Amino acid sequence: MIAEQLEIIDLSHKYKSYSSVNNTLNSINLKLSKGELVGLVGPSGCGKTTLLRIIAGFESPCNGRIVLNGSEISNSSRTIPPEKRGIGMVFQDYALFPHLTVWQNICFGLTKRSNYDRTNWLVELLGLKDFVKRFPHELSGGQRQRIALARALAPGNSIVLLDEPFNSLDVQVRMKLRTELSEVLKTFSATGIFVTHDSQEALSICDRVAVMRDGQLHQCGSAEELIRTPKTSFVGEFVFQKNIFPIQFNNNVLSTPLGSYSLINSVIRTSPDYLMFDSDVVELDFNSPYNCIVKSREYHHSHWIITVKFGDFFIRVSHAVGDSIKIGDSCCIRFIHNKDVLLFPGTIPAVIGQSLIN
């Protein structure tokens with residue numbers, strides 16, 4: 001069995017300077033194994049960065065505790081200082097010293113007795129060998145991010161915390177660096193916690209992804225687990241941009257805002273309240289009587305993702321690239337027969353059937 005390197009147990013937090021009665025974090029439980037890269041995703045203000053700051057030692061919890069390699073490093077009454085935790089942090093703005101060279105930035109915090117073999121290896125590994133005498137302002141954003149990562153790993157830290165490290169980089173540099181990040185951490189057998197707003201980015205490089213909302217951890221799992229069995233409708237909606245409808249269910253008939261539909265080979269013993277479905281479960285028809293209007297479109301290589309407004313709902317729909325669709329066009333939206341959907345609560349798989357004419 002793989003031993004947990006980091007354990008977050010019933011962790012809650014509240015900023016004392018805020019008048020709000022609500023906690024920033026509520027009963028967070030999370031375990032990380034050595035060498036694992038875990039992504040933290042969720043909307044702005046959900047508590048991702050606060051959780052990172054508590055793990056780093058910059059904040060203290062009001063309840064719960066954090067255990068690192070079997071030793072408690074944080075609880076409501078005692079917090080080990082950041083510099084004594086053996087945890088490195090890569091900040092969103094890099095936090096490099098402008099008056100220090102690349103080499104001096106990477107070595108900042110190392111003692112004179114430190115083994116610099118690791119530092120030299122990092123410089124080589126991250127492609128910084130030719131820039132060690134330069135200053136941060138003389139380098140690109142991608143190179144500055146590599147310096148920040150090297151500095152976090154140079155002291156031999158076993159855990160690295162990354163707070164939206166690629167936020168300000170262009171797409172090509174971002175894609176290259178996120179691949180490098182995973183490889184570098186595995187090379188050093190370092191555990192990583194990676195905060196990002198981009199759930200697709202987290203899914204592509206992380207071993208597991210933790211989904212947060214309003215200070216609560218909704219689910220932590222592999223990409224496959226999140227895709228197949230999202231524990232809450234929010235996980236599917238936020239992480240995978242799935243559509244959500246309120247429903248009524250009676251006698252195997254699904255009543256949705258788009259009409260009533262039968263379910264195929266489904267035995268539902270509960271009373272679900274919500275229907276979650278992918279963009280390819282519905283289709284647009286520009287010849288039938290109109291019931292919605294095109295609000296936006298996104299190009300996804302082989303198809304468009306069209307967002308249409310149907311009443312109070314905004315629905316994402318996959319559509320062929322070849323068709324000419326303009327924002328403001330009117331169309332008809334309907335479910336496609338024999339497509340997989342999920343019902344909540346309970347993450348109940350079902351297959352949508354024929355439309356039932358009332």
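The values are calculated or read from the model by the stated rules, or taken from the named source; none is laboratory data. Treat the numbers as computed from the prediction; the structure is a model and nothing was measured. Virtual Cβ from ideal backbone geometry, glycine too; neighbours counted across all protein chains shown.
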Residues (among the polar types (S, T, N, Q) and modelled with pLDDT of 90 or more) located in region 203-231 | 216, 219, 222
Quick one: residue 322 ticks every box in (1) under 22 Å from residue 228 (Cβ atoms); (2) exposed (fewer than 12 other Cβ atoms within 10 Å of the Cβ) bar one, so which box is it?
-> (1)
From 142, 156, which residue is small (Gly, Ala, Ser), touching a helix residue (DSSP H, G or I) at 6+ places or on another chain (Cβ under 7 Å) and over 20 Å from residue 52 (Cα atoms)?
-> 142
Any idea how many residues of region 67-100 are free of Cβ contacts under 8 Å to residues at least 40 places away in the same chain, touching a Gly at 6+ places or on another chain (Cβ under 9 Å), part of a loop (DSSP other than H, G, I, E, B) and of a type in the set (Ser, Thr, Tyr)?
-> 1
Considering residues of region 116-151 that are at pLDDT 90 or above, part of a loop (DSSP other than H, G, I, E, B) and among the hydrophobic types (A, V, I, L, M, F, W, C) only, the residue nearest to residue 97 (Cα to Cα) | 135
From (1) at pLDDT 90 or above; (2) over 32 Å from the mean Cα position of the chain (by Cα), pick out the condition that doesn't hold for residue 269.
-> (1)
If you check 249, 240, which single one turns out to be aromatic (Phe, Trp, Tyr) and under 30 Å from residue 9 (Cα atoms)?
-> 240
Any hit, region 114-130, residues being more than 26 Å from residue 36 (Cβ to Cβ) and in contact with a strand residue (DSSP E or B) (Cβ under 7 Å, 6 or more places away or on another chain) | no
Consider residue 279 carefully, then state whether it is in a loop (DSSP other than H, G, I, E, B) and modelled with pLDDT under 90.
-> no
Cβ-Cβ below 7 Å, separation at least six or inter-chain, first residue in region 151-164 and closer than 20 Å to residue 47 by Cα, second of a type in the set (Gly, Ala, Ser) and part of a loop (DSSP other than H, G, I, E, B): which pairs?
-> 159/190; 160/190
Condition test on residue 335, is it surrounded by 14 or more Cβ atoms within 10 Å (Cβ to Cβ), modelled with pLDDT of 90 or more and of a type outside the set (A, V, I, L, M)?
-> yes
Could you list, in sequence order, the residues of region 241-255 that are buried (at least 18 other Cβ atoms within 10 Å of the Cβ), out of contact with any Leu (no Cβ under 6 Å at 6 or more places or on another chain) and part of a loop (DSSP other than H, G, I, E, B)?
-> 242
Being in contact with a Leu (Cβ under 7 Å, 6 or more places away or on another chain) and closer than 30 Å to residue 30 by Cα, is that true of even one residue in region 256-271?
-> no
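Residue 299: assigned to a loop (DSSP other than H, G, I, E, B), surrounded by fewer than 17 Cβ atoms within 10 Å (Cβ to Cβ) and not aliphatic (A, V, I, L, M), yes or no?
No.
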Among the residues of region 37-55, how many are at pLDDT 95 or above and either over 18 Å from the mean Cα position of the chain (by Cα) or assigned to a loop (DSSP other than H, G, I, E, B) (or both)?
-> 1
In region 153-181, residue farthest from the chain's Cα centre (by Cα) [restricted to those that are of a type in the set (A, V, I, L, M, F, W, C) and assigned to a helix (DSSP H, G or I)] = 153
